Amino acid sequence: MAWAVNMLEGEITRRALLRMTGTGLLAVSGSGLLDAYASASTRPRAATVAAAAIPRRGGRLTFGAQGGASSDTLDAHNGLTNTDFARLSQLYDALVRMDSSGRPRLAMAASITPNRNATEWTVVLKPGLKLHDGSAFVAADVLYSFNRIVRNKFPGTFALGTIDLAQSHAPDRRTVKLRFRRPFSILMDALSLHWYLYMVPRDYDPRKPVGTGPFKLVSFTPGQSSTTVRFDGYWDQPKPYLDKVVTINLSDETAQTNALQSGQVNAIDYLTASSIATLGGDDSVKVIVSRSAGFEPFTMRLDRAPFNDVRVRTAVKLVVDRRQMLDSLFAGHGRVGNDIFSIADPLYVKSLFPQRAQDLERARSLLRAAGHSGLPLQLVTTPNAPGMVQAAEIFATQARGAGIKTSVVSQTTTQYFARSYLKVSFSQDYWQFSPYLVTASQATISGAPYNETHQSDARYDRWFAQATSTLDPSLQREIVHEMMRYDHEQGGLLIPFFFPVIDAVAANVHGVKPAVTGQALDTFSFQNFWIS
């Protein structure tokens, strides 16, 4: 089922501009790297920015990326920051990719089919797949890629469910038989989490990365920049169209918009609504707004006081005026959340769960009953995605109405992931969209790699096992709705909104479509972009 995506592409109305004026920008800083990459050809003249009807080859995309850190990596299976995901998508590709509507689409695989009870899936590769060094990519490389992910417990491990790699095998160079210890009915959805499941060769070295992606590596300095060039042997011809992609880490939104308007970069990502006002009157740029299913949850650890009491968790969810928060951050773009993730999954039925609204009186009553009147909280945040720090500040203001005294601690992205991520009691995070059961495998089942709430509930885990085993779509839907009800009533995630993804490109950059995935630039689909 394809979900509709609202978008604006260089078509910002005067009314929209007036509504967005006054929205706060992120902190101001710049980057000395920009001067080294500035080029007169990057900024198009207004008279020559007519859109090309047919993609053409050539040109350099200089991308000013937000959300990177000194820990940036090119390891195909261990990306963490937004700049990681941007770079990995240039170098690698996957069996399946998530399309702009959030559904799985075959990529390197020609077909993926289950046996009668989904205990074995047969993957047939497209013919003629090549690696950057010119050698063939074959079925044994698929098994190596999955073994590397599982052996190192990389993020994609849980997406692969009950895979039994010891019993999986490659009967020929294009065919892989993937065995599972019990029926695994959601493999196609799981493989659509492609940014964790990239394919690599058997002699893979992340320090000298070779992949099958649309671009080959030239240089990389963590926390600063990377350069890639077109791979002429890419499987999806005639793509890619660009000659080169230069990715520069920029520290904040102001640096990004300044760089775009000055012509030092020709693409930027993860903006807030204020940038629409900043850029909307400039005919040399286009703004793309995606109504995504990505979310920025407030995370409460269920294994620590005070959040081990469901009354406290419910009170925290009740103090938020969700519409006000969304409007303050994104000027009406995006969607109000209801503490259940994966809103773009066809299994999500909004009408099943009452929309949680701000109720300060009930929040105070619940806190009083739990023995936590005047509750002091420390909320740890980081500018890893647009609006995160501002959302923390808005929460603190709104929570005062229920007597909650919130101290907001803002850390740099590097500090946050080193000291606080998955550790502190009350924090925030940023999630792209993936189907509900895939997200649960990453976030809410016992032992999930990104289980920020430290949830461990035997009943929820049993539901997950049942839902991912059954081939009966009606039964699966029924089980998932029980899991969603648990999220809404007892879970440790406060999801006040699903954010819009706001990107901007020079007017002569084409092929950037809106996407529901919650990742920037059409899920960093650099192979689809071209310059006129």
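Each value in this text was obtained by applying a stated rule to the coordinates, not by laboratory testing. Keep in mind that this is a model prediction, so the values were computed, not measured. As a convention, Cβ positions derive from the backbone with ideal geometry for all residues, glycine included, and neighbour counts pool all protein chains shown.
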Total lysine pairs under 18 Å (Cα atoms) in the chain, excluding pairs fewer than 8 apart on one chain: 12
Mean ellipticity per residue at 222 nm, deg cm²/dmol - from DSSP H runs of n ≥ 4 across the chain, formula -39500 (n - 2.57): -7500 deg cm²/dmol
Ranked by how many other beta carbons lie within 10 Å on average, peptides 444-450, 424-430 from highest: 424-430, 444-450
Which whole-number percent gives the relative contact order of the stretch 317-393, counting Cα pairs below 8 Å spaced six or more residues apart? 35 percent
Write out the trypsin sites (Lys or Arg not before Pro) in the stretch 123-161 meeting two conditions: DSSP loop, and at most 14 other Cβ atoms within 10 Å of their Cβ. Lys153
Could you list the trypsin sites (Lys or Arg not before Pro) in the stretch 283-320 that lie in coil according to DSSP, counting only those with at most 16 other Cβ atoms within 10 Å of their Cβ? Arg304
Loop sites in the stretch 173-246: trypsin sites (Lys or Arg not before Pro), DSSP, at most 11 other Cβ within 10 Å: Arg181, Arg207
How many percent of DSSP beta bridges within the chain run antiparallel, rounded to 5? 75 percent
Taking 8 Å as the Cα distance limit and 6 or more residues as the minimum spacing, I'd like the relative contact order of the stretch 297-495 as a percentage. 32 percent
By how many nm would the segment from Glu478 to Ser365 lengthen if fully extended, with 0.36 nm per residue of separation less the alpha-carbon distance? 37.4 nm
For the chain, what relative contact order do you get, as a whole percent, if you take Cα pairs closer than 8 Å and at least 6 residues apart? 24 percent
How far is the Cα center of the stretch 135-160 from the Cα center of the stretch 382-412, in Å? 39 Å
